[in-house]
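Q: I am attaching a structure below and will ask some questions about it afterwards.
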Amino acid sequence: MITVKQSSETTGMILVLGSAILGGIFPILINRGVQTIPPLTFAAFTSLIGALGAFFYSLQQKTLSELHKREAYFSLLMITLCISFVPPILLFIGTSKTNALNTSLLALTEIIFTLIFTHFIGEKTTVPKLIGSLGILVGTSFILYRGTWKLNIGDIMIILSTALYPIGNFYGKKALRYVSPGSILVVRWVISGLLLLFLAAFFDGTEQWLKIIREHWKLLIFNGFILYSLSKILWYESLKRLDISKAVSLVMTSYFFSFIILVFLGEKINLLQSIGVAIMTIGVIFSIRRKSILYEH
């Protein structure tokens, strides 16, 4: 194992917080977007536009030639499956059945899955990590409570959408040994975008595609180029410098930005949700109060 240098870790934290700011906008926009755009169609268009943004970035960085490296192929396939294909299906459909606040905050359950997964790949499970995951779990329970413990199907889908992320992030770190962030993003979004487009054509139909593009092109471009391409470029650049648990914990601070935006937009926040946010905040703080340790796999 290798302790990360302070300068590299600081850079990684700045990059991942930049990704978190953009990530705070993302659940709000997709929650608003699926009210007028079919979820699978929205996910497919966003992925393909994101791929275009990543392509331009890779072209500028002159890194597209890396894609001939066969050592990265399996990792790229796993990243695509575990981050860019299955999770968006659950997330975009799930957010259409719940509200923007729950969409943002329930994404924090990714930390719980990450802490479980990273224990088995060599990242030490510490007391701060355990307290952090417990805080997030309890906070999530407060957010979900609606007088009974019956869960909204949309909430469940959002939670499940985060379950594969740790596996995808694990292979993301492996892929970064051979290819750059831009190359990873090009592959994962081209493949997932085409697969999602096929599903969208089958389930949503193609009749409204031109109308959707004409009426929502600004939303699609912003979502694809900024919230997909730019935020994920920042994410992978930070992932090169931080261990998986810390990177995920920091990027999950995006809910702070979501919470602030939603309050300004007039979203009603009840007492239990406020308590849940406070408990989650404590959980995130405990999750990130340690030095990053990078492990060789």
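Q: If we keep just the residues of the stretch 265-281 that are among the aliphatic types (A, V, I, L, M) and buried (at least 17 other Cβ atoms within 10 Å of the Cβ), which is modelled with the highest pLDDT?
A: Result: I279.
Q: Ok, one more. Mind listing just one residue for me: the one in the stretch 117-157 that is of a type in the set (K, R) and more than 15 Å from S274 (Cα to Cα) and, of those, modelled with the lowest pLDDT?
A: The residue in question is K150.
Q: Then there's this: Just for helices (runs of 4 or more DSSP H) wholly inside the stretch 161-261: which have at least 1 residues that are open to solvent by less than 20 Å² (accessible area, probe 1.4 Å) and either modelled with pLDDT of 90 or more or in contact with a strand residue (DSSP E or B) (Cβ under 7 Å, 6 or more places away or on another chain) (or both)?
A: 165-175, 181-203, 209-221, 231-239
Q: Now for a separate question. From (1) within 20 Å of S104 (Cα to Cα); (2) open to solvent by less than 10 Å² (accessible area, probe 1.4 Å); (3) among the hydrophobic types (A, V, I, L, M, F, W, C), pick out the condition that doesn't hold for F26.
A: If we test F26 against (1) within 20 Å of S104 (Cα to Cα); (2) open to solvent by less than 10 Å² (accessible area, probe 1.4 Å); (3) among the hydrophobic types (A, V, I, L, M, F, W, C), just (2) comes out false.
The values are calculated or read from the model by the stated rules, or taken from the named source; none is laboratory data. Since this is a predicted model, take the numbers as computed values, not measurements. We place every Cβ from the backbone using ideal geometry, glycine too, and count neighbours over all the protein chains shown. SASA here: full protein model, heavy atoms, side chains in, ligands and nucleic acids out. Shrake-Rupley method; radii C 1.70, N 1.55, O 1.52, S 1.80 Å.
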